[in-house]
Amino acid sequence: MTLPTGTGTFAVTASAPIVLDATTGNLTGPTIVTSAASLTSNSVVLGSGSQASKTVAGFTTDGTSQLTLGVATSTTGALKLTGATSGTATITAQATQSTPTLTLPTGTGTFAVTASAPIVLDATTGALTAPTAVTSAASLTSNAIVLGAGSQASKTAAGFTTNGTATMTIGAASTGTGTLTLAGTTSGTASLSTAATGLIFNSDSGLAFTGASGAATTISTTTTNANLILTPNGTGTVVIPIGSTTANGITFTGLTTGLFGVSTAIRAQLSSTNTSSFDYYIGTTQAATFSCTAAANGQQNLKCGTNSQGLKFSGNNNLAASIVNPIQLDNGGISIVANTSITVTGVQIGTNTFAPTSGAANYVGASVLSTINQTSTSSGNYTGILVNTTETALKGSDNRLLDLQAGVSGGTSQFTITNGGVVKTYAATATVGQGVPSEIVTIDLTAQSAAIAATNLTASAPRTGMYRISMSATITTAGTTSVLGGTNGFQIGFTSPTDSVAKTTVVGNSITSAANTTGTAISDTVTVYAKTGTAITYAFDYTSTGTAMNYELHVRLESM
């Protein structure tokens, strides 16, 4: 026993939590909580087994009134509440979390975690919306008709009202003249409107009256100055007398030709040397002509003449479900049994010459102008230009889906795509193989912490030929020590079409990095010649000790 160097009194008794052994004189503290390491300032103290304590990075405070759970870039904070008898409720942050502040309500209730239509709950932001709910920014006028106002908004208009029982009024003194328009099933409209002098009727397809058999239908002011008189015969049909099939059913003063009827059609009078036409004038100036030219070979031409519009075809704005081609241009179908010299064109757009001598005028040979405005639950796709060729039988060796030509005299192919989808000509230069590379596989991996064994980029190469594989890898969490790419680096496996032997690229040719920082990045490009129908694989090695390194890997497979 060695006496102490200081002055004092020997311990002969002790009080809990200190214990003095009466035999050995040994002082112990078996229930005293200890910590082998410094307790981090403001961190929550946790048990560590026996009487040891500790702190961890996932439980910290601001030292006053805020508790933080989780560690940024490492672990997501979560709070678990267990039920009295069973079950556990977990409150957790999102893996990629912004900095929202959630304030508890003053009342008692249950949090909204799901929603039924028309209410939508965003699982990421927690925002409640009702995108399909019909709303109105202003009060809906009593007895007025409710109209759409774009999106889910509704409105009323002064021009559409009712008396609340059975009468509807269209138009208002301060809004405009009331008009009722009726659209035909496939095309055309008819409209009724008012004016100072009475009722106005307009129709795209003529005027039709249907009465009881034998009943007269007459529209007239007086019998002497009638604007229109229709008097059906005994079967309820309005008849325009035409005489013989060669006589004009309707004669237009000043013309030598007219219209006459046959059993199945109304025809325009046309001799072998005349041209039958409809001429449109703006004032006294001819604006357009639609004509049919008589020719010995039966050729017919539809022409639109002298105004700047050219020829315009407009389809029905409101198509029935069965109408898929409102405007169709074709040559009626051509069947050629044997011919070795001609080139058949299905539809040709002009032989125009653009030759300005001054100014900044531009020329567009053909323009496809569409507006796609899908809303609500619409989910259809659109195609700007569709070329769909049915290849029942092919004999030619230079079949093309697209051939764009230009040049001083025209006719020089600048860009060509074959019927197999291969770019055959690019920038007026013939290509070989696939023409241009095509990206066929994309791999994007994040939060990787282990080597990646041989994994299929594709289970079946689409063709025998060259394939280019590009790789980019970066460290996202540095390890204690690590090598990005490990020992073997980035390797590609493939089957050679020459000997059908599976091969793997050489380890020493790959790029690796032991820099072990989040600023570390490596990339590599490997080219292989692979057999069609066989797998192309990739592998990426990994070396890390102590704290595990995390990395991300991005791979692209291109057909050359």
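A few comments on the model shown:
- Per-region count, the stretch 73-99, residues in a strand (DSSP E or B) and of a type in the set (Ser, Thr, Tyr): 5
- Within the stretch 537-551, residues that are on the phi > 0 side of the Ramachandran plot reach partners that are in a loop (DSSP other than H, G, I, E, B) with beta carbons closer than 9 Å, at six or more positions or on different chains, in the pairs GLY546/GLY479; GLY546/THR480.
- Taken together, SER187, SER136 contain a single residue that is under 38 Å from the mean Cα position of the chain (by Cα) and more than 22 Å from THR375 (Cβ to Cβ), which is SER187.
- Some residue of the stretch 167-183 being within 26 Å of GLY70 (Cα to Cα) and open to solvent by less than 80 Å² (accessible area, probe 1.4 Å): no
- Against the test of being at pLDDT 85 or above and either within 30 Å of ALA130 (Cα to Cα) or open to solvent by 80 Å² or more (accessible area, probe 1.4 Å) (or both), the options SER335, SER341, SER322, SER378 yield a single qualifying residue, SER378.
- Close Cβ contacts (under 8 Å, 6 or more residues apart or on different chains) running from residues in the stretch 111-126 that are on the phi < 0 side of the Ramachandran plot and free of Cβ contacts under 8 Å to residues at least 12 places away in the same chain to residues that are in a loop (DSSP other than H, G, I, E, B) and among the hydroxyl-bearing types (Ser, Thr, Tyr) comprise LEU121/THR114.
- The residue of the stretch 49-72 that is most open to solvent (accessible area, probe 1.4 Å), among those that are touching a residue at least 12 places away in the same chain (Cβ under 8 Å), over 21 Å from ILE91 (Cβ atoms) and in a loop (DSSP other than H, G, I, E, B), is GLN51.
- Test: residue in the stretch 508-516 that is assigned to a helix (DSSP H, G or I), without any contact (Cβ under 8 Å) to a residue 40 or more places away in the chain and not polar (S, T, N, Q): yes
- Residue that is most open to solvent (accessible area, probe 1.4 Å), among those in the stretch 20-48 that are β-branched (Val, Ile, Thr) and not in a strand (DSSP E or B): THR23
- Where a residue in the stretch 87-107 is closer than 18 Å to LEU69 by Cα and its partner, wherever it lies, is of a type in the set (A, V, I, L, M, F, W, C) and part of a loop (DSSP other than H, G, I, E, B), with Cβ under 9 Å and at least six apart: GLN97/ALA72
- Residue count for the stretch 523-560, restricted to those that are assigned to a loop (DSSP other than H, G, I, E, B) and open to solvent by 40 Å² or more (accessible area, probe 1.4 Å): 7.
- The set of residues from the stretch 149-161 being farther than 25 Å from ILE119 by Cα and either open to solvent by 50 Å² or more (accessible area, probe 1.4 Å) or assigned to a loop (DSSP other than H, G, I, E, B) (or both) comprises ALA158, PHE160.
- Yes/no for ALA144 being open to solvent by less than 90 Å² (accessible area, probe 1.4 Å) and closer than 30 Å to THR90 by Cβ: no
- Taken over the stretch 381-426, the criterion of being exposed (fewer than 10 other Cβ atoms within 10 Å of the Cβ) and on the phi > 0 side of the Ramachandran plot is satisfied by GLY410, GLY411.
The values are calculated or read from the model by the stated rules, or taken from the named source; none is laboratory data. Keep in mind the model is a prediction, meaning the values are calculated, not measured. Because the Cβ atoms are built from the backbone with ideal geometry, glycine has one as well, and the counts that use them run over all protein chains shown. With ligands, DNA and RNA removed, areas are computed over all heavy atoms of the protein, side chains included. Shrake-Rupley method; radii C 1.70, N 1.55, O 1.52, S 1.80 Å.
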